[in-house]
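Take a look at the structure below.
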Amino acid sequence: MTEHAATGAAPITLLIVDDHPVVRDGLRGMFESAPGFRVLGEAPNGVAAVSLAAALDPDVILMDLRMPGGGGVDAIRELARTGARAKVLVLTTYDTDSDTLPAIEAGATGYLLKDAPRDELFTGVRAAAEGRTVLSPAVASRLVSAVRAPGNEPLSAREREVLALVARGTSNREIARELFISEATVKTHLTHLYAKLGVNDRAAAVAAAYQRGILG
């Protein structure tokens, strides 16, 4: 599905959530000028985002974190609670957003910086639409500073293999196929390595693994 434009597949639909109209306008213009994307709507805060997501059913929600009238973390948590299909890709400002870890725990698929190059943003949205973790290195550095001290138990060789594939954006099904194991076994390995790293999901595991030097 990364070949949306090339294959003529249905465009990836987007909901843009940011309290700054200039940012929303810029993102809308950027995506509407590129093949393979369609902007369904915009929201100025998290509360409006949840309502619009229910009405529009976008593939991906580009979510700011700190917004008057309803922040991104609460919105991500509510979207997860209501079973929204959309993947949430947070666009964060590197210097000020300290709530990235709570957003990961709430269910965000990934993080990019607001000043990310166009191509990086397009690639990130395509990856998010497929359910793959999107984590810019600078945001990863930001996240790991907030990660609670992980356990000291080392990862097994197989857990390292699984983690390396996760870091490359590989799905559980693809990991199972590549390592010749079942999807259930992949999930078991993920559960174990999450516990060892002191994290709750894929994005946080990748961030923690880079911090600890498990991933180079």
Quiz item: What residue, among those in segment 174-214 that are touching a residue at least 40 places away in the same chain (Cβ under 8 Å) and over 20 Å from Leu135 (Cα atoms), is surrounded by the most Cβ atoms within 10 Å (Cβ to Cβ)?
Solution: Lys196
Quiz item: Taking segment 85-111 as the search range and keeping residues that are out of contact with any strand residue (DSSP E or B) (no Cβ under 8 Å at 6 or more places or on another chain) and open to solvent by 30 Å² or more (accessible area, probe 1.4 Å), which one is modelled with the lowest pLDDT?
Solution: Asp95
Quiz item: Are there any pairs with C-beta distances below 7 angstrom linking a residue in segment 17-29 that is within 16 Å of Asp115 (Cβ to Cβ) to a residue that is open to solvent by less than 40 Å² (accessible area, probe 1.4 Å) and part of a helix (DSSP H, G or I), with the two at least 6 apart or on different chains, and if so which?
Solution: Asp18/Arg24
Practice problem: Could you identify the single residue in Leu52, Leu65 that is part of a helix (DSSP H, G or I) and buried (at least 18 other Cβ atoms within 10 Å of the Cβ)? | Solution: Leu52
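To keep it simple, each residue is scored yes or no on (1) farther than 22 Å from Ile104 by Cα; (2) at pLDDT below 95.
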| residue | (1), (2) |
| --- | --- |
| Glu3 | yes, yes |
| Pro11 | yes, no |
| Leu27 | yes, no |
| Phe31 | yes, no |
| Val73 | no, yes |
| Thr82 | no, yes |
Self-check item: Any helices (runs of 4 or more DSSP H) falling wholly within segment 112-216 and containing at least 1 residues that are hydroxyl-bearing (Ser, Thr, Tyr), closer than 24 Å to Val23 by Cβ and at pLDDT 85 or above
Solution: 118-129
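The values are calculated or read from the model by the stated rules, or taken from the named source; none is laboratory data. Just so it is clear, the structure is predicted and the values come from calculations on it, not from any experiment. So basically every Cβ, Gly included, is an ideal-geometry build from the backbone, and we count neighbours across all protein chains shown. Protein only, heavy atoms only, side chains kept; ligands, DNA and RNA dropped before computing areas. Shrake-Rupley method; radii C 1.70, N 1.55, O 1.52, S 1.80 Å.
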